[in-house]
Amino acid sequence: TKLKYALQKSEAGEREQADQLEQTLKKLQLTQTQLIQSEKMSSLGQLVAGIAHEINNPINFIYANIKYADNYANELMYLIKLYQKSCNPSPEIEEESEKIDLEFILEDLPQLLKSMEVGTERIYEIVKSLRNFSRLDEAEMKPVNIHEGIDSTLLILNNRLAPKVGKQINVIQEYGDLPKIYCYVSQLNQVFMNILVNGIDALEEAIAKDKFSESNEQQIPTIKIQTKVVDKNLVTITISDNGMGIKEQVRNKIFDPFFTTKPVGQGTGIGLAISYQIIVDKHGGRIFCNSQEGKGTEFIIEIPIQNNTRKFKTLYN
Ligand SMILES: Nc1ncnc2c1ncn2[C@@H]1O[C@H](COP(=O)(O)OP(=O)(O)OP(=O)(O)O)[C@@H](O)[C@H]1O
Ligand SMILES: [Mg+2]
């Protein structure tokens, strides 16, 4: 029995060591994830902010001057009409008017200016969104309208929603009447970005696998974003897609650092690990995933509206 006791003791010791090792490994992996992500995001954020700033100046002077151009054009056109009425054009003027198709110019110019105005307004919105997305300056917790963050992220991803393999991804936004949420904006935007990109990836895969074939026409590739207040201090943001879903065997691994099912070079497997960290550790919230293989996936994020700025313990401390 003495031997047995000694054996048991050493076994327990070993198990404890193994546990400790595992903890250390987890801690290390998490630190590594954070490093990669923060490096990735800070360079992306800086790039985006830089470009936004560069575009902002020229777009501002186009935007500001286009109204004057429109006014001047209207005045000049009116003047031409007055000339036409009060004096008979000389043959030379007649010929020139015909050559340049004056009638058409008079009709087309206002429309042309209008479409330029719409175009600059659109660029203006994009620039605003880019700045909104990076928000590098805002490192502390602040009350914000998170719908703005979601919209900016969607705008940045717009190009990936456009038809590529022949199908447009449909986005449905069902926003509730949310108060301002006390949070780290740019971090929360990262979470939206990570989850939306995953949804788009899943839909692209589904499109490539002919999930939305003609026989299945009523079903279109869709990402749905719902927000609502569920309690006096709690909101939920649900992001769902009708893509390929997640295999049951891997469903409990998706939040692990470096877990990915994507080909090398496409996924590093840190999107969800970092999102978990941001939501749970930094904001005292929760994040869940429901998925059905072949049907689709939904991520539910819960975050408190008021955060009493208490420090949250990090996961493995
Ligand atoms: N909406 C989704 N539909 C299907 N599978 C998903 C979805 N979201 C996540 N997954 C699965 O979870 C895995 C982990 O996701 P995560 O975002 O952490 O990493 P990744 O997308 O593979 O790579 P990264 O985000 O670092 O570029 C994915 O590889 C994928 O298998
Ligand atoms: Mg991802």
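Tabulated data
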| quantity | calculated |
| --- | --- |
| Count of segment 161-171 residues which are at pLDDT below 85 and either open to solvent by 60 Å² or more (accessible area, probe 1.4 Å) or within 19 Å of Gln190 (Cα to Cα) (or both) | 5 |
| Candidates Ser115, Ser152, Ser43, filtered to the one that is of a type in the set (Gly, Ala, Ser) and farther than 30 Å from Ile278 by Cα | Ser115 |
| Restricting segment 274-300 to residues that are in contact (Cβ under 8 Å) with a residue 60 or more places away in the chain and among the polar types (S, T, N, Q), the residue that is farthest from Glu204 (Cα to Cα) | Gln277 |
| Unique residue being within 15 Å of ligand 1 (Cβ to nearest atom), more than 16 Å from Cys289 (Cα to Cα), in contact with an Asp or Glu (Cβ under 7 Å, 6 or more places away or on another chain) and not charged (D, E, K, R) when the list is Leu203, Leu234 | Leu203 |
| Residue in segment 202-217 that is open to solvent by less than 70 Å² (accessible area, probe 1.4 Å) and under 30 Å from Asn307 (Cα atoms) present | no |
| Residue tally, condition more than 14 Å from ligand 2 (Cβ to nearest atom) and either outside the structural domain of Asn158 (by TED's automatic domain parsing) or closer than 22 Å to Leu30 by Cα (or both), over segment 237-250 | 0 |
| Condition met for Leu113 (at pLDDT 90 or above, part of a helix (DSSP H, G or I), open to solvent by less than 80 Å² (accessible area, probe 1.4 Å) and within 30 Å of His53 (Cβ to Cβ)) | yes |
| Test: residue in segment 254-269 that is among the polar types (S, T, N, Q) and over 30 Å from Pro163 (Cβ atoms) | no |
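A quick yes/no check of all residues on (1) of a type in the set (Asp, Glu); (2) in contact with a Phe, Trp or Tyr (Cβ under 8 Å, 6 or more places away or on another chain); (3) within 16 Å of ligand 2 (Cβ to nearest atom); (4) open to solvent by less than 40 Å² (accessible area, probe 1.4 Å):
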position	(1), (2), (3), (4)
Ile223	no, no, yes, yes
Val230	no, no, no, no
Val235	no, no, no, yes
Asn252	no, no, no, no
Thr261	no, no, yes, no
Thr268	no, yes, yes, no
Gly271	no, no, yes, yes
Ile274	no, no, yes, yes
Gly284	no, yes, no, yes
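Results for (1) among the small types (Gly, Ala, Ser); (2) more than 21 Å from the chain's Cα centre (by Cα); (3) modelled with pLDDT under 90, shown as yes or no for each residue.
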| residue | (1), (2), (3) |
| --- | --- |
| Ile223 | no, no, no |
| Thr261 | no, yes, no |
| Gly269 | yes, no, yes |
| Ile274 | no, no, yes |
| Asn307 | no, yes, yes |
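The values are calculated or read from the model by the stated rules, or taken from the named source; none is laboratory data. Predicted model, so just to flag it, every value in this text is computed and none were measured. A quick note on method: Cβ atoms are made from the backbone with ideal geometry, for glycine too, and the neighbour counts reach across all protein chains shown. Accessible surface is based on the protein model in full, side chains and every heavy atom, while ligands, DNA and RNA are left aside. Shrake-Rupley method; radii C 1.70, N 1.55, O 1.52, S 1.80 Å.
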